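So the structure is just underneath, and the comments pick up after that.
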C-alpha cells in the first residue's frame, strides 16, 4: 500500500507537470509530448493483455489502425463530427478485439504472439485493397477549425485525457474481481479454470479493453494527421514500441508503461539527434538490458530504492540468467 501511494504521487506529479507543459513551451515540444502521451496510452493498453493477463500480443497495432480508419471513414465518408467518430473508433476496435479474441485467445505463448502478428498483417493487406479505405492512396480527414496553437492544444489534451481514462479504468479493474481473475490467468490459467474462473470471458474482455484504448489513441492520431494510409497505421514497429515501453517501465504495473513511454521516447529523441545508428539499435538493446538486469522495470527501481550492483545481480540470480 505504501508503494502504491508513492507511485500515485510520483505519476500524479508527472501528469500535472505534463498538463501544464503547453503553457510554457513551443509547438515542437507540445507535439513531441503529444506523441509520448499517445505511446503511453498504447503501452498501458497493451499492459492489460500482456502484463496482467500474460498474453503477449504482437498485433495490438491492428486496433490502432482500426481506430484511425473508423475515424477517417466516419468523418470523411459519413460526415460525422470527431466526438462521434472518437467513440465509434474505440468501440469498433473493442468489438474487433472480441471477434478475433474468441478464436485467437485459445492459443498460448508464441503461438498466440504469431497469430496476433498475422492478424495485424492480414488487416493491413485488407485495408490496402478495400474501396472504402481508398487503398494505398489513403483518406484525408476534415481539418480542425482552430488556430495552429489551438490545434496543438486540442490534440495534446485529447491524448492526455485518454491516457488518464486508460489509467483510471485499469486501476478500478485491478481492484475488482475481474482484475484478480486476469492475474490468476497469468500465474496459472489451468488452476484459474479449475477454481471456477471463466477464463475465456476474462481473456476476451481484457483483449477488448486493450483494443478500446488503443483504438481511441488511433482516432486522435488520425484526426491530428488529417490523413491516414495503411503503412503507418498498421506498422509492426508501433507494436514493438508498445512492448518495449511496457517492459522497460514495468509490466503488470499500473504506472510502469507510463514511465517506460516517457523514458524511451525522451532517450530515443536525444539519441536520434546525435547518433543515428544508435537510435535504430536502441530498442533492441533496451529489451535485452531490461530483461537481464531489471525484469520488473524501472518502476521497481524507484519503489524499491535499489540502484546498486547487488540489486542487478540479485535479479540475474532470481531469473536464472
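Taking the stretch 51-160 and the helices (runs of 4 or more DSSP H) fully enclosed by it, the elements with 2 or more residues that are free of Cβ contacts under 8 Å to residues at least 40 places away in the same chain are at 82-104, 109-129.
For residues in the stretch 228-242 being in a helix (DSSP H, G or I) and over 16 Å from residue 133 (Cα atoms), which is nearest to the chain's Cα centre (by Cα)?
Filtering the stretch 228-242 for residues in a helix (DSSP H, G or I) gives 230-234, 236-242.
So of that shortlist, the ones also over 16 Å from residue 133 (Cα atoms) come out as 236-242.
On the way: 236: 13, 237: 12, 238: 9, 239: 8, 240: 10, 241: 9, 242: 5 Å.
If we take residues in the stretch 228-242 being in a helix (DSSP H, G or I) and over 16 Å from residue 133 (Cα atoms), then 242 is nearest to the chain's Cα centre (by Cα).
Do the conditions hold for residue 228, that is, is it farther than 15 Å from residue 48 by Cα and in contact with a strand residue (DSSP E or B) (Cβ under 8 Å, 6 or more places away or on another chain)?
Details: farther than 15 Å from residue 48 by Cα: yes; in contact with a strand residue (DSSP E or B) (Cβ under 8 Å, 6 or more places away or on another chain): yes.
Judged against the criteria, residue 228 is a match.
Residue-wise test of (1) part of a loop (DSSP other than H, G, I, E, B); (2) modelled with pLDDT of 70 or more; (3) surrounded by fewer than 16 Cβ atoms within 10 Å (Cβ to Cβ).
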{"residue": "253", "(1), (2), (3)": "yes, yes, no"}
{"residue": "264", "(1), (2), (3)": "no, yes, no"}
{"residue": "267", "(1), (2), (3)": "no, yes, yes"}
{"residue": "271", "(1), (2), (3)": "no, yes, no"}
{"residue": "307", "(1), (2), (3)": "yes, no, yes"}
{"residue": "316", "(1), (2), (3)": "no, no, yes"}
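With respect to the conditions (1) at pLDDT 95 or above; (2) over 22 Å from residue 235 (Cα atoms), residue 46 lacks only one, and its number is (2).
In this structure, does residue 47 turn out to be touching a residue at least 60 places away in the same chain (Cβ under 8 Å) and either over 24 Å from residue 150 (Cα atoms) or touching a strand residue (DSSP E or B) at 6+ places or on another chain (Cβ under 7 Å) (or both)? Here the answer is yes, as residue 47 does meet what is asked.
Checked against (1) touching a helix residue (DSSP H, G or I) at 6+ places or on another chain (Cβ under 9 Å); (2) without any contact (Cβ under 8 Å) to a residue 40 or more places away in the chain; (3) within 26 Å of residue 27 (Cβ to Cβ), residue 172 meets all criteria but (3).
Residue by residue, here is whether (1) touching a helix residue (DSSP H, G or I) at 6+ places or on another chain (Cβ under 8 Å); (2) more than 16 Å from residue 220 (Cβ to Cβ) holds:
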position	(1), (2)
68	yes, no
74	yes, no
77	no, yes
88	yes, no
93	yes, no
112	yes, yes
121	yes, yes
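Determine which member of the set 58, 63 is closer than 20 Å to residue 261 by Cα, within 15 Å of the chain's Cα centre (by Cα) and buried (at least 24 other Cβ atoms within 10 Å of the Cβ).
Details: 58 fails: buried (at least 24 other Cβ atoms within 10 Å of the Cβ).
Exactly one of 58, 63 is closer than 20 Å to residue 261 by Cα, within 15 Å of the chain's Cα centre (by Cα) and buried (at least 24 other Cβ atoms within 10 Å of the Cβ), namely 63.
The values are calculated or read from the model by the stated rules, or taken from the named source; none is laboratory data. Since we're looking at a predicted model, the values are computed, not measured. All Cβ positions, glycine included, derive from the backbone under ideal geometry; neighbour counts span all protein chains shown.
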